[in-house]
Amino acid sequence: MRLDPVSLQMFVSVVETGTIAGAGEREHMAASAVSKRISELEAVLDTRLLERTNKGVAPTAAGIGLVNLARSALYRLDDIVVQMRDYAAGTRGLVRVVANISAITQFLPRELKSFLEAHPQVKVQLQENISVAIVKAVAENAADIGAFTAGPHGEDIETFPYHTDRLALIVPKAHPLARRRAVRFAEAIGFEFVGLHTGSAINAQLLKAAGDLGRPLRLRIQVTGFDALCHMVSTGLGIAILPESVALPFLKVFGIRAVRLDEPWAERELKLCVRSYQGLPVAARLLLDHLRGA
């Protein structure tokens, strides 16, 4: 026989009430059943826990030690129940989010901040990846929520609208296109480009647009972040394309200009994805609803 919380609770009640009958009344159990529980507990621990007298019962030295340990154990068990209820209610949990660099730099920081302020016991694990890998991670249950640039994919997932952004051409101040209000991609494709890492949604869009024009895309160098990309453009290594809102903070810092890209595909849609909305843990569903509302 192993220790069980019911027997420990019975023992604590016997000590606190001073009688077997009193413990039975408090715990809504027959006195004979309480007495049996205590006898079994003494047998398991191989020690006498109570001194029985005609006035009631009193704990032995071992019983005094056990009652303190039992109270601590019962409190921890109660805490487990409370915490599990928190998970069930969505006020506690871990949500795994994987997003592309556009979502991370433009939208997620302030939206996650407001969510975590409202749900301080929820932890969010955020990882950056390219859009193709994001939908795969969600489909394979390696992430709860994904934020990616809309595009064709073959994964069995549910998607929801998130945000839109607009791509702009980034050039050095002295570049021939720097004074233009807007340019077509055909006017820019003759120049060398600084690109993002292989597989990024922006690179994929540029390669497709170049293919539609029947022209090669001259990628001189590729980097892994928007700040590095702007730095490379400022040194004259090439021109680049990135979201307008991302470019704004870098314009003065790096002495570069953003020129409107006059192409239908420059307007992009970002989406959220999950394997199944109904199958999400409560905390993840709360975060998804928050991001959709934002």
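The values are calculated or read from the model by the stated rules, or taken from the named source; none is laboratory data. This structure is a prediction, so every number in the text was calculated from the model and none was measured. A quick note on method: Cβ atoms are made from the backbone with ideal geometry, for glycine too, and the neighbour counts reach across all protein chains shown.
Put simply, of ALA178, ALA247 the only residue that is outside the structural domain of ALA133 (by TED's automatic domain parsing) and under 37 Å from the mean Cα position of the chain (by Cα) is ALA247.
When residues in the stretch 165-195 are screened for being in a strand (DSSP E or B) and within 23 Å of GLY214 (Cβ to Cβ), 7 of them pass. Would the stretch 207-227 turn up any residue that is in contact (Cβ under 8 Å) with a residue 60 or more places away in the chain and closer than 17 Å to HIS175 by Cβ? So far as the stretch 207-227 goes, no, none of its residues is in contact (Cβ under 8 Å) with a residue 60 or more places away in the chain and closer than 17 Å to HIS175 by Cβ.
Put simply, of ALA70, ALA103, ALA168 the only residue that is under 24 Å from SER245 (Cβ atoms), in contact with a helix residue (DSSP H, G or I) (Cβ under 7 Å, 6 or more places away or on another chain) and either buried (at least 16 other Cβ atoms within 10 Å of the Cβ) or at pLDDT 95 or above (or both) is ALA168. Can you find a residue in the stretch 232-244 that is in a helix (DSSP H, G or I) and under 30 Å from GLN83 (Cβ atoms)? Checked against the condition, which is being in a helix (DSSP H, G or I) and under 30 Å from GLN83 (Cβ atoms), the stretch 232-244 yields no hits at all. Within the stretch 93-118, the set of residues being over 12 Å from the mean Cα position of the chain (by Cα) and not in a helix (DSSP H, G or I) comprises ASN100, PHE107. Could you please let me know if LEU270 is under 17 Å from the mean Cα position of the chain (by Cα) and under 30 Å from GLN121 (Cα atoms)? For LEU270, the condition - under 17 Å from the mean Cα position of the chain (by Cα) and under 30 Å from GLN121 (Cα atoms) - is not met.
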